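The values are calculated or read from the model by the stated rules, or taken from the named source; none is laboratory data. As the structure is a prediction and not an experimental result, all values here were calculated from the model. No Cβ is skipped: glycine too gets one built from the backbone with ideal geometry, and neighbour counts run over all protein chains shown. Only protein heavy atoms, including side chains, enter the accessible area calculation; ligands, DNA and RNA are left aside. Shrake-Rupley method; radii C 1.70, N 1.55, O 1.52, S 1.80 Å.
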Amino acid sequence: MRGRPVGRMRKLRIVAQDPSVRLRGRILTAEVDVPAEELGPGPRGYRVHVIDYDASSRTLYAPLDYQDPSKDWTNEPGGEVPDDIILNDPGFHAQNVYALVMRTLARFEFALGRRVSWGFRSSGHQIKVAPHAFSDVNAFYSRRDEALLFGHFPSRDGSRTVFTCLSHDIVVHETTHALLDGLRTRYMEPSSPDQAAFHEGFADVVALLSVFSLPEVVQALMDLKFGDGGEGGTARPLSARDITFDELQKSVLTGLGKEFGREMDAIGRSALRHSVGLAPDAKLLQTPAYQEPHRRGEVLVAAIMRAFIKVWAERLEALVFDTSAKVVDRVRAAEEGARAADYLLTMVIRALDYCPPVHLVFGAYLSAMLTADYEIRPTDTYRFRHHLLDSFKKFGILPTTRGGAQGRWAPPKLRFNYERSRFESMQRDPDEVFRFVWENRRALGLADEGYTRILSVRPCIRVAPEDGFPLRETVVEVLQQVTLPAGELGSYEIEAPVGMQVDQPVMLIGGATVIFGEYGQVKYVIGDRVLDAPREEVQKKQSERLKSLWERGHFQRDTRDVHRFASIHRLRGLDAMTVAQEEW
Amino acid sequence: MDKPVSVRLWSYRVGFGDCFLLRFAYRRFNRHVLIDFGTTKADARGGNQMKEIAEHIARTCNGKLDAIVATHRHRDHISGFAGRSWKIIRDLSPGLVVLPWTEHPDAAINAREAPDDAHEGFDLSSRRHVRSLFRMQEVARAVCEALRAEPPDDGLDAVGGPGEGDSRTERDWPGTGPRRSELPATGRFFSPALRKQLQFMGEDNLANAEAVKNLLSLPCEFVQFGSKAQQLTKLLPGVKVHVLGPPTLVQNQEISRQRPKDPDEFWHLVQLATERPAGAAKTLFPGARVLSHEAQPPETRWFIKRLNAERGYQLLELVRSLDKVLNNTSVILLFEACDKKLLFPGDAQIENWRYALCQKRIKKLLADVDVYKVGHHGSLNATPKTLWNGFIRKGSGKKPRRLKTFMSTLENLHGESVRETEVPRQKLVHALRTQSDLFSTQSLRRKEDFVKEFRLAALKSR
């Protein structure tokens, strides 16, 4: 590692899941690729700055410096690292978080076809990462500290320290919060129960798929289930019986729960285990327990992971029945699983561009996934779209489309006026985009009463795998807001919640994500208007949101704590329930 | 059968805490029940009031106290059962102490197997619950120690902690850097405002070992929702006693459809308080190179300061959780005597109340309550709206047999009005004032006025 990195990528060694997962007595690790860059001590790179400060002991550990010759293992940071170093060298912990945060960032940038920013108010470029931030069974993203903070704590028997910074899925989960916050800033704000649940559910999905996209992990799970043949032995190949949906669900998903990350239970990982094993139930989301954000998010995880296993099982079945041997090599099966996970990971991230800027519901996210994938791969080769539709339906979630085929968003029916705008400039200039939006406010369904602004303009290029040509799109977020006293809501056919004072100011938010195609034409307008007199359902949805926010205490007192991921994760660990409607 | 002919109540001003003495007067004798006796923050006018209050109790009950109800183990409810005031109370030979089931001595030990006793729902998980509850109190000690380890206040510190005393939402925080007022001074974790809150809540949650030991040295009755409270009932002939809380774990699970709880449910909160004092040998990585305060690279200092502030905020969150779980062990008692209903819920919050309030029968029983001791000093979540809305005797000043409410509280100690968490919560106080005959201990203004007597009920003479 000494000297300049060569090429675009660099190999770094990480803990594959967490140090409790061992194979033949050794901690399971993996080699991953991250973007190469000139690293300073920390590591400190162009997007990530690791600062190893422990606030519980007020200790600042010396930064990891790849130029420092005193650490042998940093000579070749992608090579094997002894367990003792993994557990006891804070420098390795710094590398582990750096590599995982950068890998996740790179994964988002790959999927979205552009650079992705953090969501800080300062527009800062480097997120601070503290691998040993404090003694606490918690890890979280803090927007105001511009940081990812990872706690450490003694194991239950007190014999050793558990480091959340060494848990692959926890690091990716927190990084995903930070990235999602940069992409859809308004998703941390109060809206529907679905939106409150989305941040947690989505971060879990990305974390799980990130873990599964390492073939080392998938193979280890299979070895744990079917045996690894012992020292020097050969693991038996999988038979047709081993690779059915039910068997894979048991061996991989349930296996993940049983074998992986037990130490992290208290940090909400037991909920993760619960979600992957959640049985389909179309009425689950209507039950009171699943109005709680952390529980609701589990349904999203369950629906997506179910589709993943379905696709994987189908691909393995095809392999078995196409050969005379009727068996599948375990390494091949693990690679197929990792590939399917990787594909789905791209799909779930890419969908964010096709999501509304505010008021996300699970059905809209489903439509976004289906549309995003269709745009890049019109043929459903992997049958992911088929299985996602089916799986979401089993959990009672239907796509939120108005007339779109197979659950996808429908192209707009109205005509737009392109005469007065310049598309070249519209790909980067919010004022130019606003001009277009203003000229077309009726076609875009914007309310005259609203204050309108452009939240973001993001051009992106993705390569279509089928023909190898790039897909160019520009994604624009338009936000509208109207603030009215509760007493005036009725005149817009919105119901004020029972018990709300007439002079209570209520902010209504709406808006759209507008996708422009290669030639500057509007391909999709995704979102809900803030008000729309002819369409009753818009007012009805606003009434429902207000009611839900009222019941969850949003208008009753300062709910800032609820927005802090520190609190969200702690509540998740406690499986706490909200009782705001009983408070004064 | 004997039955009381009148009921009187003495409400004592203890600062921030609770102390109520009930007298059930019979034709030939009186029975006295003391409900809580504690303080965290004595009133500025207070002086050595705990001793004076104990002496007043002794005089009022004429040397014999029949029963003590210690609703839960918070210092502001039981501190009077230790030290000099305890000697006075003990000499009144209390015949019975009523405590929540979580105080059962068998539950507090580190037993590995469920005890073979008659307590309904008192199984291994209940014992673990209790054990981890008490372990949580260690947290309070750790927090108080952390506060003591802070350098002394030099008067130069800015006001306001991370998120405290500040109503701005997170998105309003300037990303370019926190304002000076939002951060502790160099070398400190806690700003004065945060320290004040931590100290107050930390001290209230310290284990009151002496008071608990004193109470357990007397004959005890441990109760839970639905207990018959036979011993208390025996002491109070003609009085119906309903125990409406706290629920057992089994009862709680019935209503919340919760997943099986972590057997050491507060374990992960406890870890938060594990402090390693600066300079202590026991660091995470004994051999690792560390940088001294002076050697901190400039590019890390902004962040280190922020992380210190975040730590203070976490500790506050932790003591709040601890405070809440202990409040929810409160005994909730409803007395029926002389055709009146008197409700004493301690500091029970909604999580404790929920089991009782989800039952139609109990809601009906509570509807015509005549006297309500306001829960948890008037905090925002200890008088559930479902309970309050169900009271049929509340109403305007002219309403016959209007609801009487009693609140023992002290303003400006707990919570903040800017966050709408102040205690007492003004919105609730307004409702109590306009819809019931409210008495607040804060209305006792002069030093010598530390108690007020009320006649709550009397049988009409025939």
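Looking at (1) under 26 Å from A:PRO19 (Cα atoms); (2) open to solvent by less than 10 Å² (accessible area, probe 1.4 Å), which is the one condition that is false for A:GLU216?
(2)
Residue check: is B:SER256 within 14 Å of another protein chain (Cβ to nearest Cβ), at pLDDT below 90 and under 24 Å from A:LEU148 (Cα atoms)?
It is false that B:SER256 is within 14 Å of another protein chain (Cβ to nearest Cβ), at pLDDT below 90 and under 24 Å from A:LEU148 (Cα atoms).
I need the full set of residues from region A:142-189 which are in contact with a Cys (Cβ under 7 Å, 6 or more places away or on another chain) and within 20 Å of A:ALA99 (Cα to Cα), in order please.
Hits for region A:142-189 are A:PHE150, A:VAL171.
Looking only at region A:105-114, decide whether some residue is under 18 Å from B:LEU307 (Cβ atoms) and touching a strand residue (DSSP E or B) at 6+ places or on another chain (Cβ under 8 Å).
For region A:105-114, residues under 18 Å from B:LEU307 (Cβ atoms) and touching a strand residue (DSSP E or B) at 6+ places or on another chain (Cβ under 8 Å): absent.
Run A:ASN75 past the list (1) open to solvent by 60 Å² or more (accessible area, probe 1.4 Å); (2) free of Cβ contacts under 8 Å to residues at least 24 places away in the same chain and report the number of the one that doesn't hold.
(2)
Considering only residues of region A:183-242 that are modelled with pLDDT of 80 or more and part of a loop (DSSP other than H, G, I, E, B), which is farthest from A:LEU508 (Cα to Cα)?
A:PRO237
Within region B:422-431, restricting attention to residues that are of a type outside the set (Lys, Arg) and open to solvent by less than 40 Å² (accessible area, probe 1.4 Å), which residue is nearest to the other protein chains (Cβ to nearest Cβ)?
By that ranking, first place goes to B:LEU428.
In the set A:ASP89, A:ASP68, A:ASP84, which member is closer than 30 Å to B:ALA142 by Cβ and either open to solvent by 10 Å² or more (accessible area, probe 1.4 Å) or more than 11 Å from every other protein chain (Cβ to nearest Cβ) (or both)?
None of the others qualify; the one that does is A:ASP89.
Can you list residue pairs whose Cβ atoms sit under 7 Å apart, with the first residue in region A:118-138 being within 9 Å of chain B (Cβ to nearest Cβ) and in contact (Cβ under 8 Å) with a residue 24 or more places away in the chain and the second being open to solvent by 10 Å² or more (accessible area, probe 1.4 Å) and among the basic types (Lys, Arg)? Count only pairs 6 or more apart in sequence or on different chains.
Final answer for the pair search is A:PHE120/A:ARG143; A:ASN138/A:ARG570.
Quick check on region A:144-163: of everything there that is open to solvent by 20 Å² or more (accessible area, probe 1.4 Å) and not in a strand (DSSP E or B), which residue is nearest to the other protein chains (Cβ to nearest Cβ)?
It comes out as A:ARG156.
Could you say whether any residue in region A:91-106 is closer than 30 Å to A:ILE515 by Cβ, within 21 Å of the chain's Cα centre (by Cα), in a loop (DSSP other than H, G, I, E, B) and not charged (D, E, K, R)?
Checked region A:91-106: no residue is closer than 30 Å to A:ILE515 by Cβ, within 21 Å of the chain's Cα centre (by Cα), in a loop (DSSP other than H, G, I, E, B) and not charged (D, E, K, R).
Take region A:175-185 and flag every residue that is within 14 Å of chain B (Cβ to nearest Cβ), in contact with a helix residue (DSSP H, G or I) (Cβ under 8 Å, 6 or more places away or on another chain) and buried (at least 21 other Cβ atoms within 10 Å of the Cβ).
Of everything in region A:175-185, those that are within 14 Å of chain B (Cβ to nearest Cβ), in contact with a helix residue (DSSP H, G or I) (Cβ under 8 Å, 6 or more places away or on another chain) and buried (at least 21 other Cβ atoms within 10 Å of the Cβ) turn out to be A:HIS177, A:ARG184.
Residues that are among the small types (Gly, Ala, Ser) and open to solvent by less than 40 Å² (accessible area, probe 1.4 Å): find the strands (runs of 3 or more DSSP E) completely inside region A:431-530 holding 2 or more of those.
Counting at least 2 such residues, we get A:505-516.
How about region A:417-430: which of its residues are free of Cβ contacts under 8 Å to residues at least 24 places away in the same chain and open to solvent by 60 Å² or more (accessible area, probe 1.4 Å)?
A:GLU419, A:ARG420, A:ARG422, A:GLU424
Which residue is farthest from A:HIS177 (Cα to Cα), if the candidates are limited to region A:89-117 and must be among the basic types (Lys, Arg) and in contact with a helix residue (DSSP H, G or I) (Cβ under 9 Å, 6 or more places away or on another chain)?
A:ARG115
Out of A:LEU209, A:LEU238, A:LEU221, report the one residue that is touching a Gly at 6+ places or on another chain (Cβ under 6 Å) and over 30 Å from A:THR59 (Cα atoms).
Only one candidate passes the filter, namely A:LEU221.
I'd like the full set of residues that are under 20 Å from A:ARG13 (Cβ atoms) and part of a helix (DSSP H, G or I), limited to region A:164-182.
Correct list: A:THR164, A:CYS165, A:LEU166, A:HIS168, A:ASP169, A:ILE170, A:VAL171, A:VAL172, A:THR175.
Out of (1) in contact with a helix residue (DSSP H, G or I) (Cβ under 6 Å, 6 or more places away or on another chain); (2) at negative phi, what's the single condition that is false for A:ASP342?
(1)
Within the bounds of region B:316-329, is there any residue that is at pLDDT 90 or above, part of a helix (DSSP H, G or I) and either more than 9 Å from chain A (Cβ to nearest Cβ) or open to solvent by less than 10 Å² (accessible area, probe 1.4 Å) (or both)?
Yes, some residue in region B:316-329 is at pLDDT 90 or above, part of a helix (DSSP H, G or I) and either more than 9 Å from chain A (Cβ to nearest Cβ) or open to solvent by less than 10 Å² (accessible area, probe 1.4 Å) (or both).
Quick one: which of B:GLY15, B:GLY95 is at pLDDT below 95 and over 17 Å from B:PHE454 (Cα atoms)?
B:GLY15
Tally time: how many residues in region B:196-235 are part of a helix (DSSP H, G or I) and either at pLDDT 90 or above or surrounded by fewer than 20 Cβ atoms within 10 Å (Cβ to Cβ) (or both)?
Going through region B:196-235 one residue at a time, the tally reaches 18.
Going through region B:382-408 one residue at a time, which ones are open to solvent by less than 40 Å² (accessible area, probe 1.4 Å), within 14 Å of chain A (Cβ to nearest Cβ) and out of contact with any Asp or Glu (no Cβ under 8 Å at 6 or more places or on another chain)?
Scanning region B:382-408 gives B:THR383, B:LEU387, B:TRP388, B:GLY390, B:MET407.
Go through the residues of region A:319-332 one by one and say whether even a single one is crowded, with 24+ Cβ neighbours inside 10 Å and either modelled with pLDDT of 90 or more or among the aliphatic types (A, V, I, L, M) (or both).
no
Out of the residues in region A:38-65 that are under 30 Å from B:PHE190 (Cβ atoms) and among the aliphatic types (A, V, I, L, M), state the one that is farthest from the other protein chains (Cβ to nearest Cβ).
A:VAL48
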